[in-house]
Amino acid sequence: MEALKIHDALDRLLTQGPIRGQVHSVFQKALNIIDEENHLYTLLTSEMDDGPLAVTLSLKSFEESPFIKDQRILMTREELRIPGHRIPLENASRFSLLFPPYDPSPWCYRLIQETESILERENQHGGSPYERAVEKLLHERLMDLTDAFQKEDEDQILSFSKKLIGLGPGLTPSGDDVLLGMMLVLNLPGNPYEKYLPLFDQVLLEARDETNLLSFHGLARAREGFVRRNLLDFIKAILREKEIEKEREQVRAIGHTSGQDILLGVLSLLKICLEKEK
């Protein structure tokens with residue numbers, strides 16, 4: 001087992017000193033590490049796309065790996081250590097996760113409408129009464145939030161963003177995923193609503209107590225401008241490409257409904273960005 005890649009932001013953190021922590025959770029293709037200061041880092045299998053503050057290992061699955069929950073971990077610039085194992089990091093390639101500038105093409109609006117139609121057809125397939133109730137509430141609160149952006153009302157943006165935190169079941173609740181999608185757009189340099197991104201510092205203060213640890217850190221990373229490669233590929237494609245089926249399907253495949261909810265957040269804010277500039 002060897003380290004193939006490491007996020008350059010994580011590499012920079014390691015220049016400041018070692019990271020000491022333990023394994024928080026183990027999934028088939030991803031493993032999360034929590035350090036002594038409650039910060040989260042990720043190990044990924046070779047089949048996963050690049051992730052924020054992550055190291056990609058030459059594994060296809062963590063199911064038969066030496067990693068186990070609550071195991072102590074030490075990470076330095078030179079190596080990753082667990083009891084009985086040492087994984088060198090020095091030869092791992094460094095990767096960046098950078099947002100493109102906000103520069104929508106003439107066909108961006110068509111791609112938004114096309115993707116909205118796909119999501120609407122998907123939602124017509126039913127679900128349990130609880131799932132339908134969550135979906136209804138999610139759309140109502142999202143509509144309130146997009147209206148607040150259009151009015152450029154900071155108090156309402158803050159209020160309605162907080163109402164999405166923790167909404168829905170699962171590892172990453174639907175409301176959190178929608179907010180993450182909106183932050184993808186807010187992170188684009190030059191977008192019309194860029195000045196409101198700092199409001200999410202206050203949203204995150206509430207999110208820490210209103211949602212679970214993994215979802216909170218996903219939002220916190222997005223606020224810092226770090227999201228996984230597949231999300232960046234999608235946002236780049238919908239801004240500049242004429243066809244986006246591959247990138248869209250990669251996002252839709254994330255989690256049970258996470259990909260759909262992230263797309264919903266992206267489309268909702270990107271659409272009003274375009275309308276603002278008409």
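Here are the numbers for the structure shown:
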read-out	value
Count - residues of segment 28-58 that are more than 20 Å from ASN91 (Cβ to Cβ) and either among the hydroxyl-bearing types (Ser, Thr, Tyr) or surrounded by 15 or more Cβ atoms within 10 Å (Cβ to Cβ) (or both)	10
The one condition in (1) within 19 Å of ARG81 (Cβ to Cβ); (2) surrounded by 15 or more Cβ atoms within 10 Å (Cβ to Cβ); (3) of a type in the set (A, V, I, L, M, F, W, C) that MET1 fails to fulfil	(2)
All helices (runs of 4 or more DSSP H) inside segment 128-239 with 3 or more residues being more than 13 Å from the chain's Cα centre (by Cα), touching a residue at least 12 places away in the same chain (Cβ under 8 Å) and surrounded by fewer than 21 Cβ atoms within 10 Å (Cβ to Cβ)	129-151, 154-164, 200-210
Count - residues of segment 76-97 that are within 26 Å of the chain's Cα centre (by Cα), in a strand (DSSP E or B) and not aromatic (Phe, Trp, Tyr)	3
Given (1) surrounded by fewer than 18 Cβ atoms within 10 Å (Cβ to Cβ); (2) touching a Ser or Thr at 6+ places or on another chain (Cβ under 8 Å); (3) in the same structural domain as ALA222 (by TED's automatic domain parsing), index of the condition SER61 fails	(3)
Test: residue in segment 11-33 that is small (Gly, Ala, Ser), assigned to a loop (DSSP other than H, G, I, E, B) and in contact (Cβ under 8 Å) with a residue 60 or more places away in the chain	no
Meets criteria (touching a strand residue (DSSP E or B) at 6+ places or on another chain (Cβ under 8 Å), modelled with pLDDT of 95 or more and more than 20 Å from ASP176 (Cα to Cα)) for SER93	yes
Any chance LEU269 is under 21 Å from GLN150 (Cα atoms) and surrounded by 15 or more Cβ atoms within 10 Å (Cβ to Cβ)	yes
Enumeration of residues in segment 60-106 that are closer than 25 Å to ARG12 by Cβ and basic (Lys, Arg)	ARG72, ARG77, ARG81, ARG86, ARG94
Yes/no for ILE244 being of a type outside the set (Ser, Thr, Tyr) and buried (at least 19 other Cβ atoms within 10 Å of the Cβ)	yes
Subset of segment 1-10 (residues that are outside any strand (DSSP E or B) and within 21 Å of LEU231 (Cβ to Cβ))	ASP8, ALA9, LEU10
Residues located in segment 255-278, provided they are among the β-branched types (Val, Ile, Thr), at pLDDT 95 or above and within 20 Å of the chain's Cα centre (by Cα)	ILE262, VAL266
Per-region count, segment 41-74, residues closer than 27 Å to PHE99 by Cα and either over 24 Å from the mean Cα position of the chain (by Cα) or not in a loop (DSSP other than H, G, I, E, B) (or both)	8
Some residue of segment 218-230 being among the small types (Gly, Ala, Ser), under 27 Å from GLN28 (Cα atoms) and in contact with an Asp or Glu (Cβ under 9 Å, 6 or more places away or on another chain)	yes
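The values are calculated or read from the model by the stated rules, or taken from the named source; none is laboratory data. Computed from a predicted model, the values in this text were never measured in an experiment. Note that we place each Cβ from the backbone using ideal geometry, even for glycine, and neighbour counts take in every protein chain shown.
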